[in-house]
Amino acid sequence: KDEKNSRGLDREVRFKNDADFEKLTRALGVIRDESKDKDNDKFLGAIQVRFDRLTKRVFPKKKGLCLYTLRHQFGSNLKASGLDRKEMAYIMGHRVTKSLNEYGSKKWGKSSVAVEAAQSYDGIKENHNTITNENRNEIMKERSHTKTTSFDYSR
């Protein structure tokens with residue numbers, strides 16, 4: 001969230017598997033112990049530094065791997081999981097379902113997701129567009145803001 005709390009939602013998720021929860025808890029504990037400052041922003045910075053070092057060691061030729069990359073992969077996994085769009089938006093911390101359009105692709109996702117919503121997600125606004133052949137061009141025009149793209153599906 002930003003200082004005005006105008007971005008994102010706080011959310012509670014439940015791990016489906018205790019072993020996954022324990023692994024995450026241990027990893028975060030190690031990083032928090034290494035972090036000199038217990039401030040949450042600086043803790044996130046410590047996680048980013050640790051992730052950067054690890055990815056450079058494991059994938060020396062890959063560029064651009066960051067925590068945001070993980071967020072996009074998580075979005076892909078949620079889409080592949082078949083969860084309801086409102087639950088996916090809640091888990092990602094979005095206020096509206098349309099925000100999911102910016103994260104990941106079902107094509108690149110894995111259908112198993114280790115978390116689920118721990119609270120009701122009824123407050124999430126459902127405002128995404130369902131793409132059909134009839135409305136595809138209009139949706140693409142809205143997304144591009146500058147030009148219209150035509151699609152020919154008759155081939």
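Bear in mind that the values in this text are calculations on the coordinates, not laboratory data. Since this is a predicted model, take the numbers as computed values, not measurements. Ideal geometry is used to build each Cβ from the backbone, glycine not excepted, and the neighbour counts take in all protein chains shown.
The string of couplings for region 40-49 from the Karplus curve (6.51, -1.76, 1.60, θ = phi - 60°) is 4, 5, 6, 5, 4, x, 5, 5, 4, 4 Hz, one whole number per residue in order, with x for Gly and Pro.
Charge tally for SER76 (other residues, Cβ to Cβ under 13 Å; Lys, Arg +1; Asp, Glu -1): +4.
Among 83-92, 12-21, 43-52, sorting by the average number of other beta carbon atoms lying within 10 angstrom of each residue, highest first, gives 83-92, 43-52, 12-21. Scalar couplings 3J(HN,Hα) for region 8-16, obtained by applying the Karplus form with A = 6.51, B = -1.76, C = 1.60 to θ = phi - 60°, are x, 10, 6, 8, 10, 10, 10, 6, 6 Hz; x denotes Gly and Pro. Amide H to amide H distances under 5 Å link VAL115 with LYS16, where only residues 5 or more positions off or on other chains count and H is placed in the peptide plane. A cut-off of 5 Å between modelled amide H atoms, ignoring neighbours fewer than 5 places along the same chain, links VAL13 with ALA118. Translational diffusion of region 13-129, estimated by Stokes-Einstein from the Kirkwood radius over alpha carbon pairs at 20 °C in a medium of 1.002 mPa s, is 135 µm² per second. Annotation: extensible slack from PHE59 through PHE43 equals 3.4 nm (criterion: 0.36 nm per residue apart, minus Cα-Cα distance). Remark: spin-label model distance ALA19-TYR68 equals 3.4 nm, labels positioned 7 Å along the Cα→Cβ axis.
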